[in-house]
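Here's the structure, in structure tokens; my notes come after.
Derivation of every value follows stated rules applied to the coordinates shown; laboratory data play no part. The structure presented is a predicted model; accordingly, all values stated were derived computationally and were not measured. Cβ sites come from the backbone with ideal geometry, for glycine too, and all protein chains shown count toward neighbours.
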Amino acid sequence: MEVERVQLIASFCASDAGAIPPEFIRSDHEQPCLTTFLGPAPAIPVIDLAAFDGPEITRAIAEASREWGIFQVVGHGVPEEAMRELQRAGREFFEELPQEEKEKYARKDAGGGAPANGGQEGYGTKLQRELEGKKAWVDFFFHYIAPPSKVNHRIWPVLPATDYRKITEEYAKYVVNLVDRMLTELSKGLELEDQALKEAVGGDSLNLNLKINYYPPCPRPDVALGVVAHTDMSAMTILVPNDVPGLQILKDDLWINVDYVPNAIIVHIGDQIEILSNGIYKSVLHRSTVSKDKVRMSWPVFCSPPGDSVIGPLQQVVNEDNPPKYKAKMFKDYAYCKINKLPQ
Ligand SMILES: O=C(O)CCC(=O)C(=O)O
């Protein structure tokens with residue numbers, strides 16, 4: 001099945017007086033121009049991991065995860081150079097490779113929704129089943145970066161000017177450390193053993209998937225969306241954005257903009273941490289808007305348990321007064337329902 005890439009559609013729109021195809025025009029309840037809160041709003045917490053001592057960091061991370069389900073970290077230990085190179089490599093794939101070269105990396109199931117496992121790596125345009133026949137203004141590249149047994153280097157792009165593999169492996173090393181640190185802090189924030197959450201999400205078998213989102217300029221950013229509103233099915237997501245703002249989160253029923261903070265990394269709490277903590281930590285509802293004249297890009301790394309891990313509220317956080325709010329199920333079954341928009 002032939003797939004229309006948004007990057008190509010965007011180039012036609014630019015030369016066609018700025019109209020966009022009707023399937024990209026969202027319903028009123030989703031349009032950014034009707035739903036973005038423009039008044040004064042609190043900014044999501046920015047936590048400097050290098051500035052505080054232990055208990056203060058734990059408190060700040062746990063509070064942000066309870067109140068917001070999202071925060072930005074600076075002083076995170078990922079060198080600026082590694083983040084810059086990651087961005088350069090992603091941009092080169094989308095902007096320097098001829099379209100027919102890019103298509104050699106197309107995902108096997110490019111025409112439909114992503115299966116829970118198998119065939120989801122590579123270059124794509126649609127990740128989940130889309131409701132109301134609407135389309136999202138984004139193309140992406142998606143692949144494993146950890147654990148080593150899951151990584152398939154054959155799907156990683158080979159670029160003319162950049163060593164994609166070297167750069168991505170370097171970045172992956174830092175992300176693995178950052179995720180470990182976040183899981184430790186979140187465990188301590190629940191008064192659990194340091195390794196409790198890490199073990200619950202599969203230990204060293206935790207799956208890390210890098211997605212490179214490419215949002216071309218859009219003539220109608222007022223009515224289109226990049227990624228539509230969702231919570232991440234992962235345990236946690238570690239995201240590097242470029243300097244074009246666009247991420248929005250729902251807070252107190254208002255869609256608010258997330259500020260761009262240079263060299264910060266955004267940490268999202270995902271559904272599996274919400275479930276394990278029995279709802280103490282919140283999986284953040286978020287979406288992305290697009291820009292009229294700039295390319296927006298983002299590099300989320302989704303950190304998810306192995307498919308056969310059973311995830312339910314940890315016994316240490318439930319009791320008679322606080323009974324389990326979620327049923328325990330295998331992650332692969334959770335993912336299947338989420339991707340296909342079926343009840344859990
Ligand atoms: O681009 C962003 O900031 C958000 C991306 C996102 O939520 C996703 O790819 O699932």
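Odds and ends about this structure:
- The residues listed here are Val6, Val78, Val74, Val46; of these, the one that is within 27 Å of Glu169 (Cβ to Cβ), among the β-branched types (Val, Ile, Thr) and either surrounded by fewer than 18 Cβ atoms within 10 Å (Cβ to Cβ) or in contact with a strand residue (DSSP E or B) (Cβ under 6 Å, 6 or more places away or on another chain) (or both) is Val74.
- Evaluation of His286 against (1) within 16 Å of the ligand (Cβ to nearest atom); (2) touching a strand residue (DSSP E or B) at 6+ places or on another chain (Cβ under 7 Å); (3) farther than 19 Å from Asn213 by Cβ (one fails), failing number: (3)
- Among the residues of segment 295-319, those that are out of contact with any Pro (no Cβ under 8 Å at 6 or more places or on another chain) and within 12 Å of the ligand (Cβ to nearest atom) comprise Pro300, Val301, Phe302.
- Among residues of segment 195-210, those that are surrounded by 20 or more Cβ atoms within 10 Å (Cβ to Cβ) and within 20 Å of the chain's Cα centre (by Cα), counted: 8
- Residue match in segment 87-95 (condition: surrounded by fewer than 16 Cβ atoms within 10 Å (Cβ to Cβ), of a type in the set (Phe, Trp, Tyr) and farther than 20 Å from Val223 by Cβ): no
- Subset of segment 211-238 that is within 9 Å of the ligand (Cβ to nearest atom) and part of a strand (DSSP E or B) - its residue that is farthest from the chain's Cα centre (by Cα): Tyr215
- Residues that are of a type in the set (A, V, I, L, M, F, W, C) and closer than 25 Å to Ala64 by Cα within segment 152-188 comprise Ala172, Val175, Val176, Leu178, Val179, Met182, Leu183, Leu186, listed in sequence order.
- A Cβ distance below 9 Å, combined with a sequence gap of six or more or placement on separate chains, defines the contacts here; from segment 191-214, residues that are in contact (Cβ under 8 Å) with a residue 12 or more places away in the chain and among the hydroxyl-bearing types (Ser, Thr, Tyr) reach residues that are away from the ligand (no atom under 16 Å from the Cβ) and assigned to a loop (DSSP other than H, G, I, E, B) in the pairs Ser205/Pro147; Ser205/Pro305; Ser205/Pro306; Ser205/Ser309.
- Out of Leu178, Leu250, sole residue that is out of contact with any helix residue (DSSP H, G or I) (no Cβ under 6 Å at 6 or more places or on another chain), free of Cβ contacts under 8 Å to residues at least 40 places away in the same chain, closer than 19 Å to Gln72 by Cβ and outside any loop (DSSP other than H, G, I, E, B): Leu250
- Checking the stated criteria, Ile273 turns out not to satisfy the condition of being farther than 25 Å from Tyr164 by Cβ, surrounded by 24 or more Cβ atoms within 10 Å (Cβ to Cβ) and in contact with an Asp or Glu (Cβ under 9 Å, 6 or more places away or on another chain).
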